[in-house]
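For reference, the structure is listed below as structure tokens.
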Amino acid sequence: MTKEKLLLIDGNSVAFKAFFALYNSLSRFTNDEGLHTNAIYGFNTMLDLMLNHVEPTKVLVAFDAGKTTFRTKMYADYKGGRAKTPSEFSEQMPYIKELLTSRGIKTYELKEYEADDIIGTLAREAESAGIQTTIVTGDRDLTQLASELTTVSVSKRGVTDVEHYTPEFVKEKLGITPEQIIEMKGLQGDNSDNYPGVAKVGPKTAVSLIQDYGSIQGVYDHIDDITAKKLKEHLIEDRDQAFRARELATIKRDAPIEIGLDDLKYDGPDMEKLVDFYKKMNFQSFLNKLNDQGITGAGETEQLSEITYTVLNDDNLDEVSEFKDDVTFYLEMPEDNYHLSPMTGFVLGAGNDWYVGRDVDLLTRPEVKTLLEDKTVTKDVFDAKRTYVGLNRLDITLNNVDFDLLLVSYLLDTNDNNNDLGKLAKQHGYSEVETDDVVYGKGAKREVPLNDDIFYSHLARKAQAIQTLKTSLYKELTDNNQMDLYLDLERPVAFVLARMEIAGITVDADKLESMKSVFTEKLSEIELVIYQEAGEEFNISSPKQLSRILFEKLQLPAIKKTKTGYSTSVEVLEKLAADAPIAENILRYRQIAKIQSTYVEGLLKVINPDDQKVHTRYVQTLTQTGRLSSVDPNLQNIPVRSDEGRQIRQAFVPRKPGWQIFSSDYSQIELRVLAHLTGDENLQLAFKNGEDIHASTARRIFRLGPDDEVSPNMRRQAKAVNFGIVYGISDYGLSQNIGISRKQAKEFIDTYFEEYPGVKAYTENIVSQAREQGFVETILHRRRYLPDINARNFNQRTFAERTAMNTPIQGSAADIIKVAMIEMDKALQNMEATMLLQVHDELIFEAPESEIEKLSTLVPSIMDSAIKLDIPLKVESHFGPTWYDAK
DNA sequence: AGAATCACG
DNA sequence: ACGTACGTGATTCTG
């Protein structure tokens, strides 16, 4: 017989948590009848998670019954003064019960009792039967039920972010035993349930009293030992309240329930009912999940309409020449890396005339190639850069792209950065095309279908989707005042990036190989020392094993915790290094291991054997700010800060002997953008006078006189303040960063805002602007929506506020360098020099020696005049035989 | 698949 | 009282 396991769920509390966790998306979660579904959805997510995690044999969801309970009889104001339950929530409750029925889960409620008491009673029954129990709730009060056999899982932020309270965890978190929680609550009372304990006693005091005296009774038995005068007075004064609060907080474990453990058997869902329910709620993702499990009826509910197509072949090639003004084209490359992916098919056409095929060689025939290269016929595509690079491999130059569905979607809303055409189309209300996951499968099973009709129909539908969405998305762009951003910036940038990716940068593999053996040697040396210091061998790369060695075996002080254990991060190890040499060695080991695995070995793996180059892909439609990202390999995070890491750059060389690597970077571009956007006179003055901006800030925030010197430490702190402003400052963040007190950090910030009143006004304005219109913009009208700006949750809201300050700055800087890249691309057309890389505020080129002098004036002049700001932009240039030397 | 860690601007 | 600096990607370990 399988071991019995019981799952008890506090229905009201979980539903409530789910409702508020998805409150910001309330409007997105409605079914066809206008019913809100966010709580139902969140509840179901939790069910999936917990059923998987616990694998119970018995399940019950308990609900509260009505407003009056034995507690309200005892204390009339119990749970009084609560805000009215929103109707959007109440309307969902009956459906949650329906959901549970279809999932084959029992529910129960009992007049005069709360869900807690039902759970407490059943958990006790399970306890005496020796059954392992898990309780799920959003309410910490239930943690008093934790025991050897009973775990209480409390959801924290959302419904999936769960903490599992065992007696040990309660002890660790609160410093008391589960049984003592009611004692603590008795002393402190409960604001949300609206009953008082002892005046002026909060969690801190309550816990320490309970730790000292064991219980409330214990406190009063030793009341004369309490020396704090005020505290003692309050304790004596509120004695009755304390005992009453204790009773209110105590979960009944003998409620007169009419069900028992035997009634709770769980045999899984009634699939037919569940599928119907999901459909009624429009829960597509849960349906897909069932579909993946092979449940019939859970697949796509909507039948796609028929689509017609013509298979392109030698005999009908000339029909393609009939397209004269606008065609839609899509090239299928199933793998992410389009530099290497097989090309498995294409579709080309307009109106309802779709020509499809598997053999991409057909594209190289004059009829098709001419069309694709024609500068008068416009092309509509999905991902112009990908298409351009793919066609380039066939020696076809894609010209005159008009509409790019992927790029336009991203500009309309940076969250629409899904790379699947089907998913993206659906987000824009077009459902006549399936996702690749559905047609091609996912994971290891993914493959292009052998069946021609399935494959060709899918391709034709993709083209149809692009063509159909063009009009409406263009209208949205125009309405948003973003058409120029698309036509003059992002679309041209796509092709500049494509050419940079195709060009690639040459990597000296021999250099990397020789570095590899040096590092291997160093690593094994350090490894030996660490083993010696630890007294045993272990996996240094495993944070888990490492923290066992450091914090248990060697008893070093644990400074910071992570979700899963003690942190072993740099900041922790650096603090330990003062008294423990092992920490220093681990840091050193980590540093070298990182360089070795990510950069030396990582780069060697991606050098293309044909040309000895690496060809990164710049992801243009990902970041929330408008920056690029670089993948496979990431060439935007090649080491530079440490000497050892920096040497990696010696392996990046020009493609021809005697050529140079040339690099230009914007100096302080984000602070200059800040000065421009805020219009702050003092900040602008500093830049106009060409001052050292961090020193200048130091003078102001430390209120130095004209003859006072700025010490290096002052400059360092001022620099951190400047960064903080750009990131959307908080006193806590600044204090952590430079290791000062929070109070001191606050003083820095206050002084900064006094000295730079324009910056202060800007931060206030941009946040209120975000609240009013729901988004913020860059200089060139790039948008970022901030739905969380009005969130009730403190974390979400303040994060959105910081983002509102940072995004226009980081994003406008991204706008500027993109303009410069387009101009550089044009300017280099008649030169041998090639633009290779972009690293956010820096452009890197390779060029013959003879062109270096010209570049030295050309590049800075284009970069600093890309967008005219109220203050000058400054550009610095360097060059040398390798990237390392271009410093 | 997610967490931890660390590389960059 | 809450618990934070902004934006990324790759590697390794682990459940």
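The values are calculated or read from the model by the stated rules, or taken from the named source; none is laboratory data. Being a predicted model, the structure only gives us computed values, none of them experimental. Neighbour counts are summed over all protein chains in view; Cβ atoms, including those assigned to glycine, are modelled from backbone coordinates with ideal geometry.
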Report yes if A:Leu174 is at pLDDT below 85, more than 16 Å from DNA strand B (Cβ to nearest atom) and surrounded by 20 or more Cβ atoms within 10 Å (Cβ to Cβ), otherwise no.
-> yes
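In this structure, does A:Lys385 turn out to be more than 22 Å from A:Ser457 (Cβ to Cβ), part of a helix (DSSP H, G or I) and under 31 Å from the mean Cα position of the chain (by Cα)?
yes
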Determine if the stretch A:482-493 includes at least one residue that is more than 28 Å from A:His339 (Cβ to Cβ) and touching a residue at least 60 places away in the same chain (Cβ under 8 Å).
-> yes
Pairs with Cβ under 9 Å, 6+ apart, first in the stretch A:813-840 and at pLDDT below 95, second within 16 Å of DNA strand B (Cβ to nearest atom) | none
Starting from the stretch A:583-605, keep only residues that are within 15 Å of A:Glu644 (Cβ to Cβ), then list their pairs with residues that are within 13 Å of DNA strand C (Cβ to nearest atom) and among the charged types (D, E, K, R) whose Cβ atoms are within a distance under 8 Å, requiring at least 6 positions of separation or different chains.
-> A:Tyr589/A:Glu527; A:Gln596/A:Lys516; A:Val600/A:Lys516
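Residue-by-condition table, conditions (1) at pLDDT 95 or above; (2) surrounded by fewer than 20 Cβ atoms within 10 Å (Cβ to Cβ); (3) touching an Asp or Glu at 6+ places or on another chain (Cβ under 8 Å); (4) not in a helix (DSSP H, G or I):
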residue	(1), (2), (3), (4)
A:Gln650	yes, yes, yes, no
A:Arg655	yes, yes, yes, yes
A:Val673	yes, no, no, no
A:Leu683	yes, no, no, no
Return the pairs, sorted by first residue and then second, in which the second residue is near DNA strand C (Cβ under 9 Å from one of its atoms) and hydrophobic (A, V, I, L, M, F, W, C), the first residue lies in the stretch A:530-541 and is closer than 14 Å to A:Leu573 by Cβ and assigned to a helix (DSSP H, G or I), the beta carbons are less than 8 Å apart, and the residues are 6+ apart or on different chains.
-> A:Ile530/A:Ile540
Counted residues in the stretch A:784-805 being more than 18 Å from the chain's Cα centre (by Cα) and under 26 Å from A:Asp488 (Cα atoms) come to 1
Give the residues of the stretch A:221-275 that are assigned to a loop (DSSP other than H, G, I, E, B), within 25 Å of A:Ala62 (Cβ to Cβ) and charged (D, E, K, R), sorted by residue number.
-> A:Lys252, A:Arg253, A:Asp254, A:Glu258, A:Asp267, A:Asp270
Count of residues meeting criterion [within 7 Å of DNA strand C (Cβ to nearest atom) and of a type in the set (Ser, Thr, Tyr)] in the stretch A:590-608 | 2
Flag if A:Arg71 is charged (D, E, K, R), more than 32 Å from the chain's Cα centre (by Cα) and either modelled with pLDDT of 85 or more or outside any helix (DSSP H, G or I) (or both) = yes
Could you grab me the full set of residues in the stretch A:354-378 that are in a loop (DSSP other than H, G, I, E, B) and farther than 19 Å from A:Ser457 by Cβ?
-> A:Arg365, A:Asp374, A:Lys375, A:Thr376, A:Val377
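Quick one: is A:Gln838 buried (at least 17 other Cβ atoms within 10 Å of the Cβ), within 14 Å of DNA strand B (Cβ to nearest atom) and under 20 Å from the mean Cα position of the chain (by Cα)?
no
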What is the number of the single condition among (1) surrounded by 13 or more Cβ atoms within 10 Å (Cβ to Cβ); (2) small (Gly, Ala, Ser); (3) more than 16 Å from DNA strand C (Cβ to nearest atom) that A:Gly197 does not meet?
-> (3)
Please state which one of A:Asp611, A:Asp692, A:Asp665 is in contact with a His (Cβ under 9 Å, 6 or more places away or on another chain) and away from DNA strand C (no atom under 14 Å from the Cβ).
-> A:Asp665
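Okay, residues lined up against (1) hydroxyl-bearing (Ser, Thr, Tyr); (2) within 31 Å of the chain's Cα centre (by Cα); (3) within 14 Å of DNA strand B (Cβ to nearest atom):
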| residue | (1), (2), (3) |
| --- | --- |
| A:Leu528 | no, no, no |
| A:Ala534 | no, no, no |
| A:Leu556 | no, no, yes |
| A:Glu574 | no, yes, yes |
| A:Leu587 | no, yes, yes |
| A:Leu603 | no, yes, yes |
| A:Val606 | no, yes, no |
| A:Thr621 | yes, yes, no |
Conditions (1) buried (at least 22 other Cβ atoms within 10 Å of the Cβ); (2) in a loop (DSSP other than H, G, I, E, B); number of the one not met by A:Val600 = (2)
Read through the list (1) loosely packed, with under 13 Cβ neighbours inside 10 Å; (2) modelled with pLDDT under 95; (3) under 36 Å from the mean Cα position of the chain (by Cα); (4) assigned by TED's automatic domain parsing to the domain that holds A:Thr370, then give the number of the only condition that A:Gln293 fails.
-> (4)
The stretch A:437-464: number of residues that are touching a residue at least 24 places away in the same chain (Cβ under 8 Å) and not in a loop (DSSP other than H, G, I, E, B) = 13
